[in-house]
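Shown next, in structure tokens, is the structure this report addresses.
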Amino acid sequence: MTKWTLGIIGGSGLYQVPGIANGRWETITSPWGVPSDQVFRGQLAGVDVVFLPRHGRGHRLGPTQLNYRANIDVMKRAGVTDILSLSACGSLKEEMAPGDFVLADQFIDRTFAREKSFYGEGVVAHVSMAHPVSSRLAGIAADESEALGVRTHRGGTYIAMEGPQFSSLAESNLYRSWGCAVIGMTNMPEAKLAREAEIPYATVAMVTDYDCWREEVAAVSVTDVMKVLHGNAEKAAGLVSRVAQRMSVAPRTADPDGIDTCLDHAIITAPQFRDAALVSQLDAVAGRVLRA
């Protein structure tokens with residue numbers, strides 16, 4: 001058993017989490033480059049929390065400009081055991097209305113301009129993404145979202161687009177035909193990298209709009225999104241507090257989905273052929289297995 005350290009990645013509209021005790025901004029250096037911002041470290045309900053504003057304070061970075069690898073690496077270096085991602089999204093289903101929270105359990109990655117793996121030439125690894133979300137963390141978040149009085153949907157496919165533009169009508173209808181539930185711009189490759197770093201990850205997709213498929217409603221605009229964002233951010237802060245309270249009740253046990261040890265058989269490159277420079281970069285992400 002170990003202590004929980006809850007990592008929170010806050011998306012559009014969520015640039016701080018109120019109520020964190022002993023909070024301080026802390027710079028963590030990553031060999032993968034510059035993360036979105038410093039992390040804000042403190043305690044909620046006695047649980048250690050590490051908050052990272054995904055787009056930086058002041059929303060300085062767009063989805064393509066984010067250094068996803070550095071962001072996950074600094075979370076690992078900060079000792080984070082589990083990551084709760086809070087993200088604005090558009091709905092692709094009538095029943096998922098603005099203001100609802102969706103606990104996505106699957107992803108489709110349509111991004112194309114981002115570094116998507118910590119591994120490559122010199123250290124090759126393949127991790128399973130068949131079930132990309134931590135069932136335990138997602139279950140806790142769903143329970144506490146419902147207890148907060150938020151209309152909550154358990155499960156659904158999140159399709160990640162490159163952005164920064166919103167979808168065309170043809171694209172929106174295509175994604176609906178695939179059965180996707182919500183659309184966003186940031187959870188890929190974030191979820192993939194969290195898995196490669198052996199950090200259980202769950203997404204709370206906070207619906208702000210109906211994308212553009214629902215033609216009886218005006219196509220999505222930033223103005224529409226911002227109106228809902230403010231309400232969602234307040235609910236998200238309450239949710240994070242409740243999740244921390246839930247974690248404070250008992251110590252953390254090993255992840256039931258085996259995510260804590262998913263690298264045990266994932267690294268393919270034989271030790272004598274591994275690139276020393278890349279191994280050095282991977283000291284936080286994969287040090288547990290590379291040092292074995």
From the phi angles alone, apply the Karplus equation (6.51, -1.76, 1.60; θ = phi - 60°) to the range 229-242 and give each ³J(HN,Hα) in whole Hz, x where the residue is Gly or Pro. 3, 4, x, 5, 4, 5, 5, 5, 4, x, 5, 4, 4, 5
log10 I(q)/I(0), Debye, Cα-only the range 236-292, no solvent, q = 0.27 Å⁻¹? -1.10
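What order, most packed first, do the peptides 258-266, 134-142 have when packing is the mean number of other Cβ atoms within 10 Å of each residue? Mind showing how you got there, number by number?
Values: 258-266: 17.3, 134-142: 20.8.
Highest to lowest by the protection proxy: 134-142, 258-266.
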Could you list which residues have their amide H under 5 Å from that of residue 8, counting only those 5 or more apart in sequence or on another chain, with H placed in the peptide plane? 50, 51, 52, 84
If each DSSP helix of 4+ residues adds -39,500 (n - 2.57) and the sum is divided by the residues in the chain, what number results at 222 nm, nearest 500 deg cm²/dmol? -8500 deg cm²/dmol
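When you have a sec, figure out the Kirkwood radius of the range 78-184 from all distinct Cα pair distances and drop it here in Å to one decimal? Write out the running numbers ahead of the final one.
Values: mean 1/r = 0.0639 Å⁻¹.
Taking the inverse mean of 1/r over all distinct Cα pairs, the range 78-184 comes out at 15.6 Å.
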Starting at 0 and stepping by 10 Å, how many percent of the alpha carbon pairs of the chain end up in each bin? 6, 30, 36, 21, 6, 0, 0
Normalising by the residue count of the range 5-290, find the relative contact order in percent from Cα pairs under 8 Å and 6+ residues apart. 26
Using the per-residue mean of other Cβ atoms lying within 10 Å as a proxy for protection, in what order, highest first, do the peptides 39-45, 13-19 fall? 39-45, 13-19
For residue 125, what residues show an amide H to amide H distance below 5 Å, using hydrogens built from the backbone and excluding near sequence neighbours? 120, 268
Determine the sum of side-chain charges near residue 151: Lys and Arg each +1, Asp and Glu each -1, restricted to other residues whose C-beta is under 12 angstrom from that of residue 151. -1
In order over the range 179-196: 3J(HN,Hα) from phi, Karplus 6.51/-1.76/1.60, θ = phi - 60°, whole Hz, x for each Gly or Pro, gives x, 5, 9, 9, 10, x, 10, 10, 7, 10, x, 3, 5, 5, 5, 4, 5, 5
Using amide H atoms built in the peptide plane, which far-off residues or other-chain residues are under 5 Å from residue 201 H to H? 83, 134
Would you kindly derive the ³J(HN,Hα) couplings of the range 121-126 from the backbone phi angles with the Karplus curve 6.51 cos²θ - 1.76 cosθ + 1.60 (θ = phi - 60°), listing them in order in whole Hz, with x for Gly and Pro? 4, x, 8, 9, 9, 10
Among the lysines, select those whose C-alpha is under 22 Å from the C-alpha of residue 192, and discard any that sit fewer than 8 residues away in the same chain. 76, 116
Taking the alpha-carbon centroid of each part, what is the distance from the range 15-42 to the range 96-161 in angstrom? 22
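Write down the Å³ per residue value for the convex hull defined by the alpha carbon atoms of the range 159-216.
Working: hull volume 5.3 nm³, N = 58.
Considering the Cα atoms of the range 159-216, their hull volume per residue is 92 Å³.
Residue 146 to residue 117: extension gain in nm, 0.36 nm per residue of separation minus the Cα-Cα distance? Walk me through the numbers before you get to the answer.
On the way: separation 29, 0.36 × 29 = 10.44 nm, distance 3.40 nm.
Length gained between residue 146 and residue 117: 7.0 nm.
Every number here is computed from the coordinates shown, using simple stated rules; none is lab data. From a predicted model like this one, the values you see are computed outputs, not experimental measurements. As a convention, Cβ positions derive from the backbone with ideal geometry for all residues, glycine included, and neighbour counts pool all protein chains shown.
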